[in-house]
1. Can you tell me the accessible area per residue over the range 75-122, all protein chains present, probe 1.4 angstrom, in square angstrom?
2. Only Lys, Arg, Asp and Glu count, each charged at its Cβ (+1, +1, -1, -1), so figure out the dipole size of the range 49-169 about its Cα centre, rounded to 20 debye.
3. Please go through the range 268-357 and write out the trypsin sites (Lys or Arg not before Pro) that DSSP classes as loop and that have at most 16 other C-beta atoms within 10 Å.
4. Tell me the accessible surface of residue 393 in square angstrom (1.4 angstrom probe, heavy atoms of protein chains only), to the nearest ten.
5. Pop the C-beta distance of residue 303 and residue 130 into the FRET formula with R0 = 56 Å and round what comes out to the nearest 0.05.
6. Determine the order of 23, 144, 194 by accessible area, beginning with the largest, at a probe radius of 1.4 Å.
7. Taking the alpha-carbon centroid of each part, what is the distance from the range 303-381 to the range 31-87 in angstrom?
8. What is the Rg over Rh value, at two decimals, for the range 269-323, using alpha-carbon atoms and the Kirkwood definition of Rh?
Amino acid sequence: MRFFSTRQDTTSRDAASARVGISAAITQGLAPDGGLYIPEGLPDLSAEINGLQDKSLSGVAKLLLRPFFEGDPLAPELDAIVDEALNFPIPLVDLKNTTALLEVYWGPSAAFKDVGARFLAGVMTRVDQRQAQDQPLTILVATSGDTGGAVAAAFHGRPGVNVVILYPDGMVSARQAHQLGAFGDNVRTFAVQSDFDACQSLVKAAFQDPEFRANFRLSSANSINIGRLLPQATYHAWAALEYKRRHGKDAGVIIPSGNLGNAVSAIWARSMGFPIREVVLATNANPTLSSWLETGKYEPKPTQATLANAMDVGAPSNMERLLAMFSLDDIKKFMQVVRVTDEHITETITNAPKVWGQVVCPHTACAIYAREVVGGEDWIVNGTAHPAKFETIVEPLIGERVELPPALAELLSKESNALALEPNLDDFRAALLR
Ligand SMILES: *Cc1c(COP(=O)(O)O)cnc(C)c1O
């Protein structure tokens with residue numbers, strides 16, 4: 001399987017030089033022309049799905065991912081990469097009213113981003129080892145909260161890799177801040193005295209700085225990497241098969257969405273023949289996606305801050321991927337968007353324990369609310385973060401403490417060390433060289 005850039009026109013797509021294998025697509029992150037990598041096609045796996053013996057998550061993941069690794073030097077290592085990435089439970093919990101909750105939040109950072117980050121780490125470290133580099137790889141991550149923790153946890157303790165996290169001081173939750181500074185060893189954490197955009201600018205500036213480039217071998221693990229989307233398709237695929245096994249019906253999936261990474265993964269699984277009836281995007285109050293489906297015009301908007309802050313996105317980065325692979329008419333046949341205000345998030349978090357028997361984070365609350373709005377039968381709601389990660393919002397609403405998941409509890413029991421950093425490149429360089 002080959003991958004090309006969303007910005008290549010169809011004629012240049014035929015040129016062999018314009019296409020790369022999965023290892024290159026993942027290590028490069030962004031295509032040289034600034035576009036995002038997409039597969040040359042999505043294989044139809046319907047026949048293989050029917051004949052599949054091992055219908056566990058890992059069995060489904062290996063079946064789904066194999067075609068994308070075909071012909072790549074990493075193909076023989078795919079099974080090991082999958083087992084390493086999916087080494088925590090992802091339960092599908094039946095609620096009531098033909099609704100199930102897919103809990104993708106029992107990994108080390110308690111959010112679904114662990115799946116993509118761990119898979120990416122498995123691929124990147126193996127590609128790097130093959131090249132037998134003598135200088136360690138330095139991965140720079142700017143984070144507004146969830147991505148940094150997932151990437152740090154995925155690379156923590158891996159030889160030959162260092163991780164540098166930059167987060168905006170005072171703009172992530174207290175638990176997120178503690179978590180980001182608690183890794184130590186090969187992970188260094190900086191609390192930047194500014195906002196998320198300043199963190200991102202520092203990372204970009206470092207990549208362009210000759211002195212940085214002379215002293216470090218830099219890489220990034222950012223969220224538009226195809227190495228994060230492909231593994232996410234595997235839990236959507238497994239959950240749809242498992243739902244059908246239990247209930248005999250195809251389920252629709254409802255996905256809390258911001259940059260559309262998780263949703264594009266679900267759409268890919270559906271296109272490959274897994275029994276996903278339709279896809280509902282649950283957004284927070286940011287209106288870009290809902291107005292796009294209403295008007296047919298895609299217009300990025302300034303970002304609004306909401307209670308579901310990991311979905312505070314005005315210009316979803318994976319939109320370019322969706323539009324390069326599907327027409328609006330096709331999309332409308334299987335997708336709808338439900339926009340959820342902060343009032344509805346609050347109401348849903350408050351009522352969910354009684355109505356659904358679940359304590360939910362503000363992001364998962366958007367999907368639960370959307371489930372109530374769309375009605376009908378047979379839905380899988382995607383749970384994207386553990387509620388204990390957003391305890392300052394959730395606990396006052398439900399009037400009780402939320403127990404920490406074990407992985408997060410362990411991290412929070414460690415000492416946390418983040419260095420305060422002014423948002424300028426000279427200070428950043430000096431701090432890293434020290
Ligand atoms: C990142 C994130 C989302 C949004 O996922 P996208 O792939 O960006 O659409 C939703 N919920 C949580 C908890 C997240 O961390």
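The values are calculated or read from the model by the stated rules, or taken from the named source; none is laboratory data. This structure is a prediction, so every number in the text was calculated from the model and none was measured. Cβ placement follows ideal geometry from the backbone for every residue including glycine, while neighbour counts extend to all protein chains displayed. The protein model used for the area step is the full one, side chains on, heavy atoms only, and it has no ligands, DNA or RNA in it. Shrake-Rupley method; radii C 1.70, N 1.55, O 1.52, S 1.80 Å.
1. Details: 1420 Å² over 48 residues.
Here the per-residue accessible area is 30 Å².
2. Values: 9 positive and 14 negative charges, 28 e Å.
That gives a dipole near 140 debye.
3. On the way: sites: 270, 277, 297, 321, 332, 333, 339, 354; in loops: 297.
Listed in order of number, the matching sites are 297.
4. Here the residue's solvent-accessible area equals roughly 40 Å².
5. Working: r = 39 Å, r/R0 = 0.70.
Working from the Cβ atoms, E equals 0.90.
6. Values: 23 15, 144 65, 194 40 Å².
Descending order: 144, 194, 23.
7. After rounding, the separation between the Cα centres reads 27 Å.
8. Details: Rg = 12.8 Å, Rh = 12.6 Å.
Rg/Rh: 1.02.
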